[in-house]
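Structure record follows, encoded as structure tokens.
The values are calculated or read from the model by the stated rules, or taken from the named source; none is laboratory data. Please read these numbers as outputs of a predicted model, since none were measured by experiment. Cβ coordinates were reconstructed from backbone atoms using ideal geometry, including for glycine residues, and neighbour counts include every protein chain displayed.
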Amino acid sequence: MNAVRLSLPIFFIVVSLVLAILTLQLPHAQLGNPYGPMYFPLVVSIGLFLFSVIDLIKTRHYFGKENEDLKALLKKETLFTLGVILALCLLYTLIFERVGFLLSTVIFLAAIMFFLNGKKKWMLNIIVTLVVSGSSWYVFSYLLEISLP
Amino acid sequence: MDLSFVLDGLWTALQPINLLWLIIGAILGTIVGILPGLGPATGVAVLIPLTFGMEPVSALILMAAIYYGALFGGSRSSILINTPGDGSSIAATFDGYPMTKNGQAGQAMSIAAMASLIGGVMAIFGFIFLAIPLANFALNFGPAEYLFLFFFALSAVVALSIGNMVKGFITMFLGLGISTIGIDLQSGVHRHTFDIPHFTEGISFVVIIIGIYAIGEVLYNMFANKQPKDVDGSKIGQKWFTKEQWRRSIAPILRSGPIGFFLGVLPGSGGTISSLLAYSTEKQISKNKKQFGKGAVEGLVAPESANSSAAVGSLIPMLTMAIPGSATTAVMLGALVMIGITPGPLLFENSPDLVWTLINSMFIGNIILVIINIAMVGVLVKILKTPPKVLYPIVLILSFIGAYTLGYSTIDFYILIIAGVIGLFMRLLDYPIVPLILALIVGGEMEQNLRRALVIYDQPVDMLFASPITIVLALLTLLSFSYPLIIKLVKRASKNKDHTVDL
């Protein structure tokens, strides 16, 4: 649980350092003050770093304290569920432009519906998948004239 | 004030197509608001793509209708199942749910809808009288004034994370950091784009908002969601409130409207604080103090009126100065920019028709919402029973479509997923989201104004004394930052006093 609590402050410290390094590597501006583009991100990265360090130090006060949400997150089944959902989101991202909106959405929705609701509710899963995919395709492509792949 | 603009606005708002969008927005908003776990910010975020390809005025009407529709809907789930849709409808659970337990669910919902209507209408008058002078006032703002205005807005939002100010600063700096990605407008230098062409225009803050709110919320609800309690449609009871309830409600409604409006106008305060403040104020002055928490109608109508009023109030800083007063108006601001409406003082000068149509549509929309909420109680109860495991995949799909329509690139899908995971952890570890969103939105403008001001004034300190406005805004910023400290000192002082009295 403590590792999860430490994860965000450490992540933000890493982000601040990356931001500072990237900013220091920026080319000098040809127009105006050559360092102009660097000031703001540099100040931001310093601010982010300092507050994240303070936060990291303050985090130890929470060590050992119960947190229902964190407990629920760290259950094996939760991690598995979240992992599968994120993996399906990534899969959707990869196939979205390759196979087109309609087919990729049907695959994604069907997979996620069957995963969450089980095989027993196959009728509900199929109806929701087809109705949502079809109606969103119709609304966005035809009514709103948004070009989808 | 030119009356012809008002009448033109009313005429445009009454056009069948705009009325249709208004009704659709009100219904969609109510549905989104009533669904457990989805707040107005998420609702507006996932429904943004609907506004693309629309006339700007229709888009604005639709979005505003979704916004206050979601607020109406949010209080339905508070009253019926003791589960607030978002922070602003928490106060509605205090007496709304006990009313349901007393078999007065129908009456609670109808009087709450009436309170929202009156609060909303009061705030619309406030909007008319405050927004235009404020927009004219903001026309005089130069880079230094804008810079300090941004400082104040950010400080107000961070200060609201009482007890969590360090985390508020972190998310604010994170938002400012993300806002620096893309081409630097003053020098043409590519900053942190990793040679990805899609990043040259920066990362769309709407994608991040959808990711953090919608995807983050779906992931969070996968394990943290308490299954919605079952609602028995037959126990709604009488649909219309009694004369006695109305007599007890009218004064609290009229008192709470202005409270909500003025708190709504302040950046960051939004509906949560205004509804809680309206509740506690009413509790203090009410003759029926003992009934509060057990189903006192005053305890329900006061926060409802304030909440609805705050929603209209929070549109003022968003439309006049492009500073969102709440998470939902932040999302709306992003969507407006995407469809070519640039909020700011010039909006009132260049497009008065748009502003007046919105105001008139808000009047009509509030009335439509009362009708929807009272006439469709049975349907709303059924919607409340939507299984989350059917709902969340739909929210995911709408989020992906929304992200795609913003930039027509699946790179935004990756950003969406990453923002969702970060949003999940922020929720779990109590990192406030609003400072991040506000910083992300105003970051670019803030930097540009800072650099312009640095060119105009020789010394940075000269910016502070550029005009009385900058001094006032700087003082307000200072006050915001020291606000939690002041509260602490006051509490300590009153504790000491109590001790002295005890002795």
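Here are the numbers for this structure:
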quantity: Residues of the range A:59-83 classified as in a helix (DSSP H, G or I) and either under 25 Å from B:Gly216 (Cα atoms) or among the hydroxyl-bearing types (Ser, Thr, Tyr) (or both), total; calculated: 16
quantity: Candidate set: the range A:105-126, residues that are facing chain B (nearest Cβ under 7 Å) and buried (at least 19 other Cβ atoms within 10 Å of the Cβ); chosen: the one nearest to B:Phe413 (Cα to Cα); calculated: A:Thr105
quantity: Residue within the range B:179-198 that is in contact (Cβ under 8 Å) with a residue 24 or more places away in the chain, under 27 Å from the mean Cα position of the chain (by Cα), within 23 Å of B:Leu266 (Cβ to Cβ) and part of a loop (DSSP other than H, G, I, E, B) present; calculated: no
quantity: Sole residue being within 28 Å of B:Leu315 (Cβ to Cβ), more than 21 Å from the chain's Cα centre (by Cα) and in contact (Cβ under 8 Å) with a residue 40 or more places away in the chain, chosen from B:Gly96, B:Gly87, B:Gly175; calculated: B:Gly96
quantity: Filtered residues of the range B:183-201 (kept if within 30 Å of A:Leu6 (Cα to Cα) and touching a helix residue (DSSP H, G or I) at 6+ places or on another chain (Cβ under 7 Å)); calculated: B:Arg191, B:His192, B:Thr193
quantity: Test: residue in the range A:82-101 that is without any contact (Cβ under 8 Å) to a residue 12 or more places away in the chain and among the charged types (D, E, K, R); calculated: yes
quantity: Out of B:Pro40, B:Pro56, sole residue that is touching a residue at least 24 places away in the same chain (Cβ under 8 Å) and either under 19 Å from B:Gly313 (Cα atoms) or crowded, with 24+ Cβ neighbours inside 10 Å (or both); calculated: B:Pro40
quantity: Failed item in (1) within 14 Å of another protein chain (Cβ to nearest Cβ); (2) modelled with pLDDT under 85, with B:Ile486 passing the rest; calculated: (1)
quantity: Residue that is surrounded by the most Cβ atoms within 10 Å (Cβ to Cβ) [pool: residues in the range A:13-37 that are within 24 Å of B:Leu147 (Cβ to Cβ) and in contact with a strand residue (DSSP E or B) (Cβ under 9 Å, 6 or more places away or on another chain)]; calculated: A:Pro37
quantity: Of all residues making up the range B:439-450, the number that are surrounded by fewer than 22 Cβ atoms within 10 Å (Cβ to Cβ) and either within 11 Å of chain A (Cβ to nearest Cβ) or among the basic types (Lys, Arg) (or both); calculated: 4
quantity: Any chance A:Leu74 is surrounded by 14 or more Cβ atoms within 10 Å (Cβ to Cβ), more than 8 Å from chain B (Cβ to nearest Cβ) and without any contact (Cβ under 8 Å) to a residue 24 or more places away in the chain; calculated: no
quantity: Residue within the range B:446-455 that is free of Cβ contacts under 8 Å to residues at least 40 places away in the same chain and in a helix (DSSP H, G or I) present; calculated: yes
quantity: Any helices (runs of 4 or more DSSP H) falling wholly within the range B:362-438 and containing at least 2 residues that are within 14 Å of chain A (Cβ to nearest Cβ) and either under 20 Å from the mean Cα position of the chain (by Cα) or touching a residue at least 60 places away in the same chain (Cβ under 8 Å) (or both); calculated: B:388-407, B:411-428
quantity: From the options B:Ser494, B:Ser480, residue that is surrounded by fewer than 17 Cβ atoms within 10 Å (Cβ to Cβ) and on the phi < 0 side of the Ramachandran plot; calculated: B:Ser494
quantity: Within the range B:358-374, tally of residues that are touching a Lys or Arg at 6+ places or on another chain (Cβ under 9 Å) and either at positive phi or surrounded by fewer than 22 Cβ atoms within 10 Å (Cβ to Cβ) (or both); calculated: 1
quantity: Scan of the range A:20-60 for residues that are at the interface with another protein chain (Cβ under 9 Å from one of its Cβ atoms), of a type outside the set (A, V, I, L, M, F, W, C) and farther than 30 Å from A:Met1 by Cβ, ordered by number; calculated: A:Thr23, A:Pro27, A:His28, A:Gln30, A:Gly32, A:Asn33, A:Pro34, A:Gly36, A:Pro37, A:Tyr39, A:Pro41
quantity: Some residue of the range B:4-18 being outside any helix (DSSP H, G or I), of a type in the set (A, V, I, L, M, F, W, C) and surrounded by fewer than 24 Cβ atoms within 10 Å (Cβ to Cβ); calculated: yes
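Residue-by-condition table, conditions (1) buried (at least 19 other Cβ atoms within 10 Å of the Cβ); (2) acidic (Asp, Glu):
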| residue | (1), (2) |
| --- | --- |
| B:Arg191 | yes, no |
| B:Asp195 | no, yes |
| B:His198 | no, no |
| B:Ile203 | yes, no |
| B:Val206 | yes, no |
| B:Ile209 | yes, no |
| B:Tyr213 | yes, no |
| B:Glu217 | yes, yes |
| B:Met222 | yes, no |
